[in-house]
Amino acid sequence: MRHNFKKIEPKWQEKWEQTGVFKAVDYSDKPKFYGLVEFPYPSGAGMHVGHIKAYSSIEVVARKRRMEGYNVLFPIGFDAYGLPTENYAIKTKTHPRIITDRNIEKFSNQLKKVGFSFDWDRVVDTTQEDFYRWTQWIFLKMFDKGLVYRDKAWVNYCPSCKVVLSNEDSQGGKCDICHSDVVQKSKDVWYLRITQYADKLLEGLEQVDYPENIKQQQINWIGKSTGAFVDFSVKGIEDKLEIYTTRPDTLFGVTFMVIAPEHPLIDKYRDMVANMDEIEAYRAECNKKTEFERTQLVKDKTGVKIDGLTAINPVNGKEIPIFIADYVMMGYGTGAIMAVPGHDQRDYDFAKTFGIDIIEVIKGGNIEECAYTGDGQMVNSEYLNGYDNKKDSIARMIEELEKLGIGRAGVQYKMKDWAFNRQRYWGEPIPIVHCEYCGDVGVPYEELPLRLPDMEDFEPGQGGESPLARIDSFVACKCPKCGRDAKRETDTMPQWAGSSWYYLRYIDPHNDKCLADMDKLEYWMPVDWYNGGMEHVTRHMIYSRFWHHFLYDIGVVNTPEPYAKRSAQGLILGPDGDKMSKSKGNVIDPLDIVSEFGADTLRTYVLFMGDYGVATPWNDSSMKGCKRFLERVAALTDMLTEEEHSKSFETKIHMTIKKVSGDIENMKFNTAIATLMALLNEIYNVGSINKEDLGIFLKLMAPFAPHLAEEMWEAIGGEGMISTAQWPSYDEAKTVEATIEIGVQVNGKVKATITIPRDCDKETAIKLALEEFRVQKAIGDKTIRKEIYVPNKIVNIVAK
RNA sequence: GCAGUUGUGGCGGAAUUGGCAUACGCGCUAGACUAAGGAUCUAGUCCGGGCUUACUGGGUGCGGGUUCAAGUCCCGCCAACUGCACCA
């Protein structure tokens with residue numbers, strides 16, 4: 001047979017669709033497997049090779065599971081709300097609904113051409129009413145439970161996209177979508193209290209099977225620290241200046257305080273401040289700096305001493321100056337710090353610049369030169385003297401602070417509450433009504449979905465308000481509580497909303513009573529294996545874990561954690577080794593590969609190209625090598641024999657089954673394919689193969705190259721489709737040859753190889769080793785001191 | 001700076017977890033078949049020396065160590081990648 005992919009690929013794709021072999025069955029008696037991939041954003045550019053790689057892993061596992069007798073749920077959908085579509089819609093003056101539908105159709109066709117075994121009956125689209133109805137429902141539930149609040153706040157604002165961004169979406173001070181500089185702007189912001197779930201999100205990590213680096217990233221993102229809040233009094237005023245510190249043990253070393261430039265204390269007592277002009281000038285300078293510049297100036301500490309306000313160190317009564325400096329952020333802790341220059345490098349740099357006292361309170365370093373951040377015994381600290389610093393002093397100090405009523409133990413998180421509203425058209429309307437008398441009132445559940453109104457002109461408003469604000473008929477409404485005239489909220493939800501729970505909807509995609517039926521959830525959840533990109537580890541995954549924990553708490557899902565296991569693929573780089581990008585012109589279009597070399601070639605290559613988790617450059621020649629492999633496989637139908645296989649070939653078959661099966665489970669797809677290639681080479685060496693063995697080979701290959709496997713399976717008269725055939729099993733005893741080759745070392749250097757019966761005794765092995773000419777030569781007239789034999793591994797002769 | 005990961009042929013990468021380093025693929029070299037080869041097949045390919053099929057030296061980023069035996073374990077460097085970052 002020739003590898004006629006142009007004929008066989010459409011043929012089998014059609015058969016799979018007609019027979020519905022990939023449809024998941026609710027409540028089947030078989031064991032279940034829920035494999036999930038991150039659903040795509042249906043951009044106009046169509047699919048990227050990165051999508052192929054991201055989906056191929058679970059695709060292979062799902063196909064293997066079906067052959068192993070599992071009832072498999074392997075769904076796909078579209079995360080279709082979002083800015084790129086909206087911006088494109090504005091640019092082309094086409095409604096985003098039209099663009100979205102067009103893109104989804106394009107994506108669906110492309111996905112089908114690659115032969116992914118998705119269950120197409122369960123497709124979800126986050127922009128459809130019957131989906132976003134439940135996104136709004138979850139929001140309202142959170143609102144009811146007090147997890148939603150509105151606040152005026154300085155927010156990250158992208159002047160180009162004209163939207164408020166979450167911290168996650170503005171990392172490094174750049175807009176995640178258009179990469180322009182983010183500015184701070186005062187806005188009405190809807191927040192979700194994700195911080196209330198910080199501890200649950202941390203604890204949940206102990207129950208799931210995520211790679212260590214992913215867990216670590218999430219832990220860092222949540223950024224929990226334990227320490228203490230301490231009140232410093234300020235001379236002449238009532239208000240206390242509250243600080244947060246992780247090092248209450250160093251309180252006696254505090255020689256000054258620093259507060260954030262925008263700290264409210266300054267304005268409240270501006271009459272007492274002698275150098276307000278200087279402070280205002282410094283503030284103006286800070287505002288000009290971009291986030292990037294602020295992080296660049298790590299060494300040269302800048303700041304201004306506040307003339308007229310003096311703080312008092314609560315543990316020893318010493319008067320200490322207060323500064324403002326931009327290295328203290330309003331957004332973390334209390335926006336004020338106690339500075340311990342002896343034991344914190346930033347404080348040290350600052351103290352040196354401004355000539356402030358530096359006191360040693362922990363022995364072990366030389367504070368003449370730099371801050372000592374290590375551990376040691378406490379000194380100059382009255383009742384703490386002699387204690388070990390962290391271990392004992394922290395507890396002792398907190399005890400003291402609590403006794404005096406000037407401090408308390410506390411925790412802080414780097415993670416902030418989730419800014420949840422966008423002033424954009426293409427998103428889920430936030431189902432809230434503003435009533436003059438009742439305040440913010442949730443839209444009644446029975447009125448959901450709150451439909452996104454149709455609109456001709458969906459450009460963002462100039463003042464940064466939502467386009468929906470221009471539709472009077474949408475804004476005007478009655479208060480659901482008191483019935484008086486009220487106004488609707490006009491902001492929409494961020495793109496992360498729909499993706500925070502989409503995996504639940506696959507389980508029951510058409511349910512109009514609830515987001516998913518509990519019995520079905522009980523059957524399918526949790527997701528057994530979720531694959532996606534590293535870039536979603538700290539945002540999408542944390543958001544969706546948060547939502548899931550919430551849904552668990554209100555009793556609508558049956559597991560606290562949504563994803564039992566997570567893995568991540570590495571990028572496919574351009575042939576030049578750089579990240580693929582249109583501007584560099586190094587983008588590979590997967591559909592070009594499908595039409596020129598076939599989907600099976602593409603699928604096999606993206607998994608063969610390297611370690612699945614590591615970024616690997618695309619290589620055309622290497623890809624053609626996979627094509628050659630499939631052609632050589634196709635030719636096997638011309639090498640059929642009636643003869644029984646040899647003993648040694650039988651070993652190779654069993655070895656291959658074991659290796660391929662294990663490698664797929666461990667995501668070592670490259671070596672799984674390499675093993676199949678090696679077995680193919682062996683078949684060519686033998687020159688023929690019988691039907692039964694070829695069947696095994698095809699089954700092992702089927703998850704990678706399913707079209708060719710089906711075609712050949714049919715050609716050799718295999719029963720049914722290979723997609724539903726039984727995965728081959730192996731006999732452990734038959735995976736090893738009766739005789740094996742092992743190396744013989746003399747003083748640790750390999751000198752020869754010998755063939756020994758498997759599991760033979762030491763005596764025999766040593767005897768055979770010593771018969772070798774090269775071994776004898778290497779020993780020469782030296783005396784043998786030791787003979788080491790590790791069964792089936794190695795012989796080492798130690799001679800002196 | 002902190003956290004995590006990784007350094008192996010000309011290239012992508014293997015190595016059953018301490019036991020024959022370089023599997024598999026690409027590329028390259030030679031040959032075969034061809035009108036032709038950017039197709040296919042055969043052989044070779046870690047580097048060096050050598051009487052080029054029973055020979056020999058070196059070799060997994062660098063320097064030490066443990067061990068009969070180290071790509072793998074330990075200590076100290078160097079480099080790269082990813083994420084976070086004046087986080088108090």
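Answer with yes or no whether residue A:719 is more than 11 Å from RNA strand B (Cβ to nearest atom), open to solvent by 60 Å² or more (accessible area, probe 1.4 Å), assigned to a loop (DSSP other than H, G, I, E, B) and acidic (Asp, Glu).
Values: more than 11 Å from RNA strand B (Cβ to nearest atom): yes; open to solvent by 60 Å² or more (accessible area, probe 1.4 Å): yes; assigned to a loop (DSSP other than H, G, I, E, B): yes; acidic (Asp, Glu): yes.
Answer is yes for this residue.
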* Asked: Within segment A:304-341, restricting attention to residues that are within 14 Å of RNA strand B (Cβ to nearest atom) and of a type in the set (Gly, Ala, Ser), which residue is surrounded by the most Cβ atoms within 10 Å (Cβ to Cβ)?
  -> A:339
* Just checking, how many residues over segment A:647-666 are within 23 Å of the chain's Cα centre (by Cα) and open to solvent by 30 Å² or more (accessible area, probe 1.4 Å)? -> 2
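Across segment A:592-624, what is the number of residues that are surrounded by fewer than 17 Cβ atoms within 10 Å (Cβ to Cβ) and either under 30 Å from residue A:213 (Cα atoms) or of a type outside the set (Asp, Glu) (or both)? Break it down into steps so the answer makes sense when it comes.
Let us first name the residues in segment A:592-624 that are surrounded by fewer than 17 Cβ atoms within 10 Å (Cβ to Cβ), namely A:592, A:595-596, A:611, A:613-615, A:619-622, A:624.
So of that shortlist, the ones also either under 30 Å from residue A:213 (Cα atoms) or of a type outside the set (Asp, Glu) (or both) come out as A:595, A:611, A:613-615, A:619, A:621-622, A:624.
Adding up the residues that qualify gives 9.
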* Asked: What are the residues in segment A:212-235 that are buried (at least 16 other Cβ atoms within 10 Å of the Cβ), within 16 Å of RNA strand B (Cβ to nearest atom) and in contact (Cβ under 8 Å) with a residue 24 or more places away in the chain, if any?
  -> A:214, A:217, A:218, A:221, A:222, A:227, A:228, A:229, A:230, A:231, A:232
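Tell me which helices (runs of 4 or more DSSP H) are completely within segment A:491-541 and hold 3 or more residues being closer than 16 Å to residue A:559 by Cβ, or say none if there are none.
Those helices (runs of 4 or more DSSP H) span A:502-505, A:518-524.
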* To do: Return a yes/no flag: does segment A:764-775 have any residue that is surrounded by fewer than 15 Cβ atoms within 10 Å (Cβ to Cβ), within 47 Å of the chain's Cα centre (by Cα), farther than 27 Å from residue A:643 by Cα and free of Cβ contacts under 8 Å to residues at least 12 places away in the same chain.
  => no
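Per-residue answers, yes or no, for (1) more than 20 Å from the chain's Cα centre (by Cα); (2) under 20 Å from residue A:33 (Cα atoms); (3) open to solvent by 40 Å² or more (accessible area, probe 1.4 Å):
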position: A:520; (1), (2), (3): yes, yes, yes
position: A:524; (1), (2), (3): yes, yes, no
position: A:529; (1), (2), (3): no, yes, no
position: A:532; (1), (2), (3): no, yes, no
position: A:537; (1), (2), (3): no, no, no
position: A:546; (1), (2), (3): no, no, no
position: A:557; (1), (2), (3): yes, yes, no
position: A:568; (1), (2), (3): no, yes, no
* May I ask you to verify whether residue A:740 is touching a residue at least 12 places away in the same chain (Cβ under 8 Å) and within 12 Å of RNA strand B (Cβ to nearest atom)? => yes
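Every residue in segment A:342-364 that is touching a residue at least 12 places away in the same chain (Cβ under 8 Å), in a helix (DSSP H, G or I) and open to solvent by 40 Å² or more (accessible area, probe 1.4 Å), please. Break it down stepwise before answering.
If we filter segment A:342-364 for residues that are touching a residue at least 12 places away in the same chain (Cβ under 8 Å), which is where we start, we get A:342-351, A:353-354, A:356-364.
Now narrow it down to the ones that are in a helix (DSSP H, G or I): A:345-351, A:353-354.
Within segment A:342-364, A:345, A:346, A:353, A:354 qualify.
Scan segment A:185-194 and give yes if some residue there is away from RNA strand B (no atom under 13 Å from the Cβ), more than 27 Å from the chain's Cα centre (by Cα) and free of Cβ contacts under 8 Å to residues at least 12 places away in the same chain, otherwise no.
Of all residues in segment A:185-194, those away from RNA strand B (no atom under 13 Å from the Cβ) come to A:185-194.
Okay, now just the ones that are also more than 27 Å from the chain's Cα centre (by Cα), so A:185-188.
Subset that is free of Cβ contacts under 8 Å to residues at least 12 places away in the same chain: none.
Looking through segment A:185-194, none of the residues is away from RNA strand B (no atom under 13 Å from the Cβ), more than 27 Å from the chain's Cα centre (by Cα) and free of Cβ contacts under 8 Å to residues at least 12 places away in the same chain.
Okay, residues lined up against (1) among the aliphatic types (A, V, I, L, M); (2) in contact (Cβ under 8 Å) with a residue 12 or more places away in the chain; (3) in a helix (DSSP H, G or I):
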site	(1), (2), (3)
A:374	no, yes, no
A:401	yes, yes, yes
A:409	yes, yes, no
A:416	no, yes, no
A:434	no, yes, no
A:437	no, yes, no
* In segment A:311-357, what residues are of a type in the set (Val, Ile, Thr), modelled with pLDDT under 90 and out of contact with any Asp or Glu (no Cβ under 9 Å at 6 or more places or on another chain)? -> A:328
* To do: State yes or no: is residue A:409 among the hydrophobic types (A, V, I, L, M, F, W, C) and within 20 Å of residue A:257 (Cβ to Cβ)?
  => no
* Hey, among the residues in segment A:192-208 that are open to solvent by 80 Å² or more (accessible area, probe 1.4 Å) and acidic (Asp, Glu), which one's farthest from residue A:545 (Cα to Cα)? -> A:206
* Asked: How many residues are near RNA strand B (Cβ under 6 Å from one of its atoms) and either touching a Pro at 6+ places or on another chain (Cβ under 8 Å) or of a type in the set (S, T, N, Q) (or both) when one looks only at segment A:618-636?
  -> 3
* Structure fact -> Selection from segment A:675-716 of residues crowded, with 22+ Cβ neighbours inside 10 Å and outside any helix (DSSP H, G or I) yields A:689, A:702, A:703, A:704, A:705
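The values are calculated or read from the model by the stated rules, or taken from the named source; none is laboratory data. A quick note: this is a predicted structure, and the numbers were derived from the prediction, not measured. Positions of Cβ are generated from backbone atoms using ideal geometry, with glycine treated the same way; all protein chains shown enter the neighbour counts. Side chains included, ligands, DNA and RNA excluded: accessible areas come from the protein's heavy atoms. Shrake-Rupley method; radii C 1.70, N 1.55, O 1.52, S 1.80 Å.
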